[in-house]
1. Determine the pairs where a residue that is of a type in the set (Ser, Thr, Tyr), located within the range 87-112, has a partner that is more than 7 Å from the ligand (Cβ to nearest atom) and not in a helix (DSSP H, G or I) with Cβ atoms under 7 Å apart, the partner being 6 or more residues away or on another chain.
2. Restricted to the range 29-43, and to residues that are closer than 17 Å to residue 84 by Cα and touching a strand residue (DSSP E or B) at 6+ places or on another chain (Cβ under 9 Å), which residue is surrounded by the fewest Cβ atoms within 10 Å (Cβ to Cβ)?
3. With respect to residue 39, determine if the residue is within 15 Å of the ligand (Cβ to nearest atom) and within 18 Å of residue 123 (Cβ to Cβ).
4. Which residues, taken from the range 56-100, are acidic (Asp, Glu) and within 15 Å of the chain's Cα centre (by Cα)?
5. Return the residue satisfying two criteria in turn: it lies in the range 85-97 and is within 9 Å of the ligand (Cβ to nearest atom) and farther than 28 Å from residue 122 by Cα, and of such residues it is modelled with the lowest pLDDT.
6. Within the range 53-84, track down each residue that is near the ligand (Cβ under 7 Å from one of its atoms) and either within 21 Å of residue 32 (Cβ to Cβ) or among the hydroxyl-bearing types (Ser, Thr, Tyr) (or both).
7. State which residue is surrounded by the fewest Cβ atoms within 10 Å (Cβ to Cβ) when the search covers only the range 84-107 and only residues that are part of a helix (DSSP H, G or I) and among the small types (Gly, Ala, Ser).
8. If I go through the range 94-149 residue by residue, how many of them are farther than 20 Å from residue 78 by Cα and of a type in the set (S, T, N, Q)?
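The values are calculated or read from the model by the stated rules, or taken from the named source; none is laboratory data. What you are looking at is a predicted structure, and each value in this text was computed from that prediction instead of being measured. With ideal geometry, Cβ positions are generated from the backbone for all residues, glycine too; neighbour counts draw on all protein chains shown.
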Amino acid sequence: MAAARSLPIVDAGGAPRVHPGDGAAPGAPRPDLCEEDLPALLTEFYDRVGRDPALAPYFAALDMGAHIPRIADFWATILFHAGRYRGNAFAPHLEMPGLAPEYFARWLATFEATVDARHAGPAADQAKDAAHRIAYSMQLRLGLTPFAL
Ligand code: HEM
């Protein structure tokens, strides 16, 4: 039912919830992030990453059709306690040659810009804070001096 996707989502409180990616006017209030927003948010994030000449090569060979649901489960587990992610978020990053603090800074700036373009509120803030904390600890575990943003 393709038409249903363009309808505003109505929250329990009754307020119409228009998603920016689904045709909201520019400058319209942005809804807070919720679990069902994650696939669209992450699709936009990886589109942006794919246009960054420094980051794109790391993701070039990835099957996004498999990666995005996995990452959506990761974020749903961190932010909304969904409990569906059972992987090791750190391990794949050990195998990535040349991963330097500047790359984490670009990843974080892109993540923040994507969240800010679509969402505003406590869960959106929590997503950005968690990304910073995880990126910081990943860099320490990789033996890097974390980039301060
Ligand atoms: C420059 C920084 C980063 C780069 C280039 C990068 C790149 C990648 C790539 C290419 C994969 C796919 C690995 C594979 O399936 O073979 C991956 C997986 C993943 N990344 Fe990152 N990443 C970065 C930072 C981060 C950060 C900061 C987070 C968390 C906030 C994160 C969370 C994850 C997770 C959860 C997975 C999935 C692991 C799994 O398969 O279970 N990454 N990353």
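1. Final answer for the pair search is 103/54; 110/52.
2. Restricting attention to the range 29-43, the residues satisfying the condition of being closer than 17 Å to residue 84 by Cα are 34-39, 42.
Those still in the list that are touching a strand residue (DSSP E or B) at 6+ places or on another chain (Cβ under 9 Å) too: 34, 36.
On the way: 34: 18, 36: 12.
Once the filter is applied, the top-ranked residue is 36.
3. Details: within 15 Å of the ligand (Cβ to nearest atom): yes; within 18 Å of residue 123 (Cβ to Cβ): yes.
It is true that residue 39 is within 15 Å of the ligand (Cβ to nearest atom) and within 18 Å of residue 123 (Cβ to Cβ).
4. Quick first cut of the range 56-100, residues acidic (Asp, Glu) only: 63, 73, 95.
Once the filter is applied, which keeps residues that are acidic (Asp, Glu) and within 15 Å of the chain's Cα centre (by Cα), the range 56-100 yields only 73.
5. Pass one, the range 85-97, residues within 9 Å of the ligand (Cβ to nearest atom): 85-93, 95-96.
From what is left, the residues that are farther than 28 Å from residue 122 by Cα are 91-93, 95-96.
Numbers: 91: 96, 92: 96, 93: 96, 95: 90, 96: 94.
Per the stated criteria, the residue is 95.
6. Residues of the range 53-84 that are near the ligand (Cβ under 7 Å from one of its atoms), as a first pass: 55, 58-59, 62, 67, 70-71, 74.
58, 71, 74, listed by residue number.
7. To start, the set of residues in the range 84-107 that are part of a helix (DSSP H, G or I) comprises 91-94, 101-107.
Okay, now just the ones that are also among the small types (Gly, Ala, Ser), so 91, 105.
On the way: 91: 8, 105: 17.
So, considering only residues that are part of a helix (DSSP H, G or I) and among the small types (Gly, Ala, Ser), the one surrounded by the fewest Cβ atoms within 10 Å (Cβ to Cβ) is 91.
8. 1
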